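K.L.:
There's a structure below that I have some questions on.
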Amino acid sequence: MIAEIIMNSNVKNLDRTFDYNLPYDMEDKVTIGSRVLVKFGNIKELKEGFVVNIKEKSEFKVKDISKVEEKDFVDEPKIKLAKWMAKRYFCNVSDCIKLMLPPGTGTNNIANRAKEKNIKFVRILKDENEIEFNIENKKIKSEKQIRALRFLVKNNEIPSKDLEELADVTNSILKTLEKNGYIEFYEKAVERNPFIHKVITKSQKLQLTDEQEVAYSAVEDSIDDLMNSEFLLFGVTGSGKTEVYLQLIEKVLSMGKTSVMLVPEISLTPQTVDRFIARFGQNKIAILHSKLSIGERYDQWYKIKNGEAKIVIGARSAIFAPINDLGIIIIDEEHDSSYKSEMTPRYNVKDVARYLAKEYSVPIVYGSATPDMDTFYKATKGDIELLELTKRANNANLPNINIVDMRRELANGNRSSISMKLYENIKENLQNKKQTILFLNRRGYSTFILCRDCGYVAKCKYCNIALTYHSKENKLKCHYCGYETIPLGYCPDCKSKNIKYSGSGTQKLEEEINKIFPSAKTIRMDVDTVSKKNSHEDILNKFKNENIDILIGTQMVVKGHHFPNVTLVGVIFADGSLNIDDYRANERTFQILTQVAGRAGRGKDKGEVIIQTYNPDNLSIEFSKKQNYKLFYDTEIIIRKQLKYPPFCDIIIIGFSSENENNVIETAKFVYMSLKKKIIEDKLKIILYKPVPAPVDKIKNKYRWRIIIKCKFDEGIINSLNKTLCELKNKNIKDVKTVIDVNPTNMM
Ligand code: ADP
Ligand code: ZN
Ligand code: ZN
């Protein structure tokens, strides 16, 4: 037999199959998806490849496969998915296979791969009577040996270290017992359990409200009928979407099948996970996300593969978990931008979910209070069934929303970043011992450093991006590449000392708050304070449990947390997301304001939200005051249609980058011409724009250009783009990285 192999490599030229002979003695060990080692070209050491097909014969003279790896491989359906993705996302098949392998095993360096953790265990070799007999006859005299043996009689097969501790004996005592034939040591794999030390009280399922019941039943029918229907669970924050998910998962569990529950990376906090553990217990649950150690992730992966975990909760990449009895896919906060990968492979998890839902005939449930425009458009067209939850489930009211015009504050002589209204409300909240969240989507101290005499702006040495001042370290930092430098004493252009630090970030805001309310306890959450493994959780727990009055943070504070004692939310500068160069600026602003407002008043007391803005007339700000998604949607969809933006077409960005600007331009022009030709030849219906520098035209010393295409992303354009990439490969322009991104989340 012949195996077709794809090498484990991201080199563009190796994205093809190579035939190898499958020796007779390997035939029953190798299947599609296996990992094998082969001689490749003139390279001395063996190289790894993935078997993607097995066939009778080859037209070439082929070498034998040298070795099979008998662990950590994927199955045939995953290979099929990887091939589908590679074509659609313009990357190597092996890039996609790597997403599907056990975590930590994708690397080419076999010695560095994750593997199971083995621990030394002890078990007893003689029975109780014999041991007691020997003790009586003084064949065993040592107190310590007796203690260890008696302990083992009661608790056989335990980790050697535990025995030493519990029976208070040393390792050498155990070694003596081993030598005398009483016990033996053996190795056993143990699960690295991220839930350890967790005590969670069990939760009972709640009586669903009428609206929840309607939503539940619709999806339940589809589970029963093995339909791959799609649902949008559209419900305000706190309307009980999670309870619906829990009960759907219970249903799927009762059928012996597995549920996938995707949540945004950032909200994959223990709080979220705890709700699932409380309902189902930790044994049936596997969680997959980047905060776990590689070893923990590796074990969680096998817990799924072995069929032990029936509920998979994770961020984006959890969609690739090794499930073979899929029953439902749930995507919570489906509008979240983390569902689209910004690294190779640049996939959108919803595409992959749709592919899998079709393969396994299972439903997908998208949940959101502020659905993606595209999802809601499909719901209005009937491609997705709309399920609505209009009220908060525990009878909590939606908060009051106030808009404060910051231009007027300025006119009235208030130069601080806290309006009078917000000041009064924080004061009142402090008096009432209620908690406050302040949201500002800029970190650091000052976000803009300007020479007042000549207009010079401090920029990164390597990126065309303004530097941010961080007061704690007293440094200017680039948020793109991490470059740091000392603050400017004078202007490097005109030598003036008239330097202005403006634009406040979270650091400065916290300082201001501490000045205005010296007795208030504050805590800050942003990329600068969240770094260690559990720090994100630590901050939230502190805020919840340690009488902290005010939580100040970037968008990390926005997502899905439930703090019953928070009655006030202040949005310091709502305009941040409006001023971005992106057709989704309005959508993003509406989403973020609605989400952050949803943090207020989740308990008994009514919530108050204060939104500070310089654009009080902007529609997304006005509609978020009304908390009316549909009004927002109806207005925004007309703009999208007029300007031909998604959902009415797809946007493809072909990005080029290199340290050599000429090569970047040459490549961009070549691709442009090649596509232009295809528009005529293949009668492509696309709008192709000329190559231009990207909005951020230099990052990490690399020049960036791009081509934008508007079209319907279908087979025609996929094939043409893949052909163009082939032509480009043959043209062989040096050192230019070309990436194609379909509907990217970041347009910069
Ligand atoms: P969402 O996921 O839509 O933000 P949650 O599921 O977190 O909403 O629900 C918000 C609160 O309402 C939670 O405290 C939850 O326990 C409660 N809740 C949800 N459904 C019900 C119900 N049917 N009866 C009573 N309380 C409910
Ligand atoms: Zn100057
Ligand atoms: Zn930089």
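The values are calculated or read from the model by the stated rules, or taken from the named source; none is laboratory data. The model shown is predicted, which means the values in this text are computed figures rather than measured ones. So basically every Cβ, Gly included, is an ideal-geometry build from the backbone, and we count neighbours across all protein chains shown. For accessibility, only protein heavy atoms count, side chains too; no ligands or nucleic acids. Shrake-Rupley method; radii C 1.70, N 1.55, O 1.52, S 1.80 Å.
K.L.:
GLU116 - would you say it is surrounded by 15 or more Cβ atoms within 10 Å (Cβ to Cβ) and within 16 Å of ligand 1 (Cβ to nearest atom)? Can you show your working first?
P.N.:
Numbers: surrounded by 15 or more Cβ atoms within 10 Å (Cβ to Cβ): yes; within 16 Å of ligand 1 (Cβ to nearest atom): no.
Criteria not met by GLU116.
K.L.:
Among the numbered conditions (1) more than 22 Å from ALA600 (Cβ to Cβ); (2) touching a residue at least 24 places away in the same chain (Cβ under 8 Å); (3) away from ligand 3 (no atom under 16 Å from the Cβ), tell me where GLY489 comes up short.
P.N.:
GLY489 satisfies all of (1) more than 22 Å from ALA600 (Cβ to Cβ); (2) touching a residue at least 24 places away in the same chain (Cβ under 8 Å); (3) away from ligand 3 (no atom under 16 Å from the Cβ) except (2).
K.L.:
Any residue in the stretch 32-48 that is assigned to a strand (DSSP E or B), open to solvent by 100 Å² or more (accessible area, probe 1.4 Å) and assigned by TED's automatic domain parsing to the domain that holds CYS96? Walk me through how you get there before you give the answer.
P.N.:
Restricting attention to the stretch 32-48, the residues satisfying the condition of being assigned to a strand (DSSP E or B) are 35-38, 47-48.
Adding the requirement that they be open to solvent by 100 Å² or more (accessible area, probe 1.4 Å) leaves none.
No.
K.L.:
Further question: Given the conditions (1) of a type in the set (A, V, I, L, M, F, W, C); (2) at pLDDT 95 or above; (3) buried (at least 16 other Cβ atoms within 10 Å of the Cβ), report the number of the one that MET673 does not fulfil.
P.N.:
Among (1) of a type in the set (A, V, I, L, M, F, W, C); (2) at pLDDT 95 or above; (3) buried (at least 16 other Cβ atoms within 10 Å of the Cβ), the lone unmet condition for MET673 is (3).
K.L.:
Of all the residues that make up the stretch 412-438, how many are in contact with a strand residue (DSSP E or B) (Cβ under 9 Å, 6 or more places away or on another chain) and among the hydroxyl-bearing types (Ser, Thr, Tyr)? Outline the logic, then answer.
P.N.:
Restricting attention to the stretch 412-438, the residues satisfying the condition of being in contact with a strand residue (DSSP E or B) (Cβ under 9 Å, 6 or more places away or on another chain) are 417-422, 425-426, 428-430, 432, 434-438.
Add one more test, that the residue is among the hydroxyl-bearing types (Ser, Thr, Tyr), and what stays is 417, 419, 436.
Residues that pass the stated criteria total 3.
K.L.:
Sticking with this one: Exactly one of these conditions fails for THR667: (1) of a type in the set (Ser, Thr, Tyr); (2) surrounded by fewer than 17 Cβ atoms within 10 Å (Cβ to Cβ); (3) over 30 Å from LEU568 (Cα atoms). Give me its number.
P.N.:
Unmet for THR667, out of (1) of a type in the set (Ser, Thr, Tyr); (2) surrounded by fewer than 17 Cβ atoms within 10 Å (Cβ to Cβ); (3) over 30 Å from LEU568 (Cα atoms): (2).
K.L.:
Taking GLU334 as meeting all but one of (1) part of a helix (DSSP H, G or I); (2) under 16 Å from the mean Cα position of the chain (by Cα), write down the number of the exception.
P.N.:
The failed condition is (1).
K.L.:
Additional query: Checking the condition at pLDDT 90 or above and of a type in the set (Lys, Arg), which residue from LYS154, LYS188, LYS198, LYS241 passes? Break it down into steps so the answer makes sense when it comes.
P.N.:
Values: LYS154 fails: at pLDDT 90 or above; LYS188 fails: at pLDDT 90 or above; LYS198 fails: at pLDDT 90 or above.
After applying the criteria, what remains is LYS241.
K.L.:
So, one more: Under 7 Å between Cβ atoms, at least 6 apart or on separate chains: pull out the pairs that start in the stretch 431-447 with a residue that is in contact (Cβ under 8 Å) with a residue 12 or more places away in the chain and end on any residue that is part of a loop (DSSP other than H, G, I, E, B) and among the polar types (S, T, N, Q).
P.N.:
Close Cβ pairs (under 7 Å, with a partner that is part of a loop (DSSP other than H, G, I, E, B) and among the polar types (S, T, N, Q)) amount to LYS434/ASN565; GLN435/ASN565; LEU440/THR554; ASN441/THR554; ARG443/THR554; TYR445/SER471.
K.L.:
I've got another one for you. Could we say that THR436 is more than 30 Å from PRO399 (Cα to Cα), of a type in the set (S, T, N, Q) and either within 15 Å of ligand 2 (Cβ to nearest atom) or not in a loop (DSSP other than H, G, I, E, B) (or both) here?
P.N.:
For THR436, the condition - more than 30 Å from PRO399 (Cα to Cα), of a type in the set (S, T, N, Q) and either within 15 Å of ligand 2 (Cβ to nearest atom) or not in a loop (DSSP other than H, G, I, E, B) (or both) - is not met.
K.L.:
Taking the criterion of being in the same structural domain as LYS669 (by TED's automatic domain parsing), within 19 Å of GLU666 (Cβ to Cβ) and open to solvent by 60 Å² or more (accessible area, probe 1.4 Å), would at least one residue in the stretch 737-748 satisfy it?
P.N.:
yes
K.L.:
Being at pLDDT 80 or above and part of a helix (DSSP H, G or I) is the filter; apply it to the stretch 549-585 and report the residue that is nearest to ligand 1 (Cβ to nearest atom).
P.N.:
This residue is VAL557.
K.L.:
Could you identify the single residue in LYS80, LYS98 that is out of contact with any helix residue (DSSP H, G or I) (no Cβ under 7 Å at 6 or more places or on another chain), within 14 Å of SER9 (Cα to Cα) and in a helix (DSSP H, G or I)? Quick ask: steps written out before the conclusion?
P.N.:
Values: LYS80 fails: within 14 Å of SER9 (Cα to Cα).
Residue meeting the stated conditions: LYS98.
K.L.:
Let me ask another. Can you tell me how many residues within the stretch 484-504 are at pLDDT below 90 and more than 16 Å from ligand 2 (Cβ to nearest atom)?
P.N.:
Final tally of qualifying residues: 2.
K.L.:
Here's another thing I want to ask about it. Does ASN118 meet the test of being farther than 30 Å from ILE717 by Cβ, within 45 Å of the chain's Cα centre (by Cα) and not in a loop (DSSP other than H, G, I, E, B)?
P.N.:
Details: farther than 30 Å from ILE717 by Cβ: yes; within 45 Å of the chain's Cα centre (by Cα): yes; not in a loop (DSSP other than H, G, I, E, B): yes.
It is true that ASN118 is farther than 30 Å from ILE717 by Cβ, within 45 Å of the chain's Cα centre (by Cα) and not in a loop (DSSP other than H, G, I, E, B).
K.L.:
When residues of the stretch 49-68 are filtered for being in contact (Cβ under 8 Å) with a residue 60 or more places away in the chain and open to solvent by 30 Å² or more (accessible area, probe 1.4 Å), how many remain? Don't jump to the end; show me each part of the working.
P.N.:
We begin by selecting, within the stretch 49-68, every residue in contact (Cβ under 8 Å) with a residue 60 or more places away in the chain; these are 62, 65.
Imposing the further condition that a residue be open to solvent by 30 Å² or more (accessible area, probe 1.4 Å) reduces the set to 62.
Selection size over the stretch 49-68: 1.
K.L.:
Looking at the structure I just gave you, is THR380 open to solvent by 70 Å² or more (accessible area, probe 1.4 Å), of a type outside the set (Lys, Arg) and modelled with pLDDT of 95 or more?
P.N.:
Details: open to solvent by 70 Å² or more (accessible area, probe 1.4 Å): yes; of a type outside the set (Lys, Arg): yes; modelled with pLDDT of 95 or more: yes.
Taking the combined requirement at face value, the residue satisfies it.
K.L.:
Enumerate the pairs (first residue in the stretch 146-174 and of a type in the set (Asp, Glu); second residue anywhere and surrounded by 15 or more Cβ atoms within 10 Å (Cβ to Cβ) and assigned to a helix (DSSP H, G or I)) with beta-carbon separation below 8 Å, excluding pairs fewer than 6 apart on the same chain, so at least 6 apart or on different chains.
P.N.:
Final answer for the pair search is GLU164/LEU174; ASP168/LYS144; ASP168/ARG147.
K.L.:
Please specify each residue of the stretch 454-472 satisfying the condition of being closer than 24 Å to VAL696 by Cβ and more than 9 Å from ligand 3 (Cβ to nearest atom). Reasoning before the result, please.
P.N.:
Taking the stretch 454-472 as the starting set, the residues that turn out to be closer than 24 Å to VAL696 by Cβ are 454-470.
Result: CYS454, GLY455, TYR456, VAL457, ALA458, ALA466, THR468, TYR469, HIS470.
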